[in-house]
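The values are calculated or read from the model by the stated rules, or taken from the named source; none is laboratory data. From a predicted model like this one, the values you see are computed outputs, not experimental measurements. Cβ coordinates were reconstructed from backbone atoms using ideal geometry, including for glycine residues, and neighbour counts include every protein chain displayed. In case anyone asks, the SASA skips ligands and DNA or RNA and just uses the protein heavy atoms, side chains included. Shrake-Rupley method; radii C 1.70, N 1.55, O 1.52, S 1.80 Å.
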Amino acid sequence: MEKQFTEKSVREKNGWLMLAVVFFLMLAAIALVIAGIALADKFSQDSYVGITFAGVALLIVSIVMSAGFKLLQPNEAYVFTLFGKYYGALKREGFFWVNPFCSSVNPARGMAGITKKLSLKAMTLNNDKQKVNDEEGNPIEISVVVIWRIANTACAVFNVDNYMAYLSTQCDAAIRQVARQYPYDVSSNGDEKSLRGSAQEVANILKEELQTRVDMAGLEVLEARISHLAYAPEIAAAMLQRQQASAIIAARQKIVEGAVSMVQMALNRLSEEQIVELDDERKAQMVSNLLVVLCGNRDAQPVVNSGSIY
C-alpha cells in the first residue's frame, strides 16, 4: 500500500522583513572587513585577523540566507525537503523566506516549461488517439480531454515518479476499461447505452474510473470527456454501409406508416361523403395505386384510363 503523505505547511517568514535583515548583515559584514583593514596598524595582528574573519563569516551567512527567498504567484506552490526528509509546502502567494538549506522538488520539472514550482491551476490533458475494442469487439479510435489539478502536493511529488506521465498512462488505461463496457452505437434496443449516444453518462463513468486511479498521486479530476470517437479505418466503410442501411429501413418504415394512414383516411372520406361507391376489388386497386404513389422513390407517372377496369 502506497504511503499517503499528509500535506503540511512550511515554516516561512515574511520576505520583506528577512530582506532587511540580510541587507543589514551584509552592511555589517562589509563594515567589519573595512574596519579590520583600517585598524590593522593600530591593533595587534590577532585583532585584525579576528575582525576581518568575523566580517567575512557574517558576509557568508548573509549570502547563504539570501538563498531562502521565494516568490509565489496565485495558485502556485513549492514542496520542500530538508536533508532528504519532507519539510513542508508553501502555497500562499507573496514574498517569503524559508530555510535556505531546503530543496524544492518537482518531478515534472523540465516538461513543457515546468519549473520547480507546482501549478495548482486547472490543467488540460489531451491524450493522443488510441485504438481500442468496444463491447461488441469492434475496433474504434478514441481520445479524451481531461481537466485536472493537483489536490495534494506531497502525494503528487513523493508517491509517483512523474505525476503528469502517471496521469497520461492512467488515462489510457481508463479509456480502455470504459470503452470495452459499451458498444460504439446503439443496437435495435434504443434503451441501451453507447459511447456515441450516451456521452454524458460515459463521461461521468470515465471521470470516476480515472479518479480512483490517480488518488494515490494526489490529483483531482475535474472533468473527463470524449474528444474523438470513430470506427477504425479498416471497418469504417462497412460500418458506414450498415448505418446507411439502418437509416433507409427506418425511413421506409416511417413512410409506410404515413402512407397507410393516408390511404385509410382517403377511403373513409370517400365513404362518409358518399362521393363514390367502391366494391372490394376497386378499393384494393385504389389502395395499391395510392401506396405506389406515396411510397415510391420517384414521382408517379399518371395513366389515364378511359374505359372500365373490367
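Tabulated data
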{"read-out": "Condition met for ASN127 (over 23 Å from LYS8 (Cα atoms), touching a Cys at 6+ places or on another chain (Cβ under 6 Å) and crowded, with 16+ Cβ neighbours inside 10 Å)", "value": "yes"}
{"read-out": "Count of residues meeting criterion [modelled with pLDDT of 70 or more and over 22 Å from the mean Cα position of the chain (by Cα)] in region 176-190", "value": "3"}
{"read-out": "Counted residues, region 79-108 - those being touching a residue at least 24 places away in the same chain (Cβ under 8 Å) and farther than 17 Å from THR153 by Cα", "value": "7"}
{"read-out": "Residue within region 277-290 that is at pLDDT 75 or above, farther than 20 Å from TYR184 by Cβ and over 32 Å from the mean Cα position of the chain (by Cα) present", "value": "no"}
{"read-out": "Residue match in region 178-197 (condition: under 13 Å from LEU125 (Cβ atoms), in a helix (DSSP H, G or I) and not small (Gly, Ala, Ser))", "value": "no"}
{"read-out": "Tally, over region 191-224, of residues that are over 14 Å from the mean Cα position of the chain (by Cα), in contact (Cβ under 8 Å) with a residue 40 or more places away in the chain and farther than 27 Å from GLU136 by Cβ", "value": "3"}
{"read-out": "Some residue of region 160-175 being farther than 22 Å from LYS121 by Cα and buried (at least 19 other Cβ atoms within 10 Å of the Cβ)", "value": "yes"}
{"read-out": "So LEU229, is it touching a Lys or Arg at 6+ places or on another chain (Cβ under 8 Å), outside any loop (DSSP other than H, G, I, E, B) and closer than 25 Å to ALA250 by Cβ", "value": "yes"}
{"read-out": "Failed item, numbered, when LEU25 is tested on (1) open to solvent by 40 Å² or more (accessible area, probe 1.4 Å); (2) modelled with pLDDT of 85 or more; (3) touching a Leu at 6+ places or on another chain (Cβ under 9 Å); (4) in a helix (DSSP H, G or I)", "value": "(1)"}
{"read-out": "Failed item in (1) modelled with pLDDT of 75 or more; (2) surrounded by 11 or more Cβ atoms within 10 Å (Cβ to Cβ), with SER47 passing the rest", "value": "(1)"}
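Residue-wise test of (1) basic (Lys, Arg); (2) over 20 Å from the mean Cα position of the chain (by Cα); (3) closer than 29 Å to SER194 by Cβ.
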position: THR81; (1), (2), (3): no, yes, no
position: LYS85; (1), (2), (3): yes, yes, no
position: SER103; (1), (2), (3): no, yes, no
position: ILE114; (1), (2), (3): no, no, no
position: GLN130; (1), (2), (3): no, no, yes
position: ALA156; (1), (2), (3): no, no, no
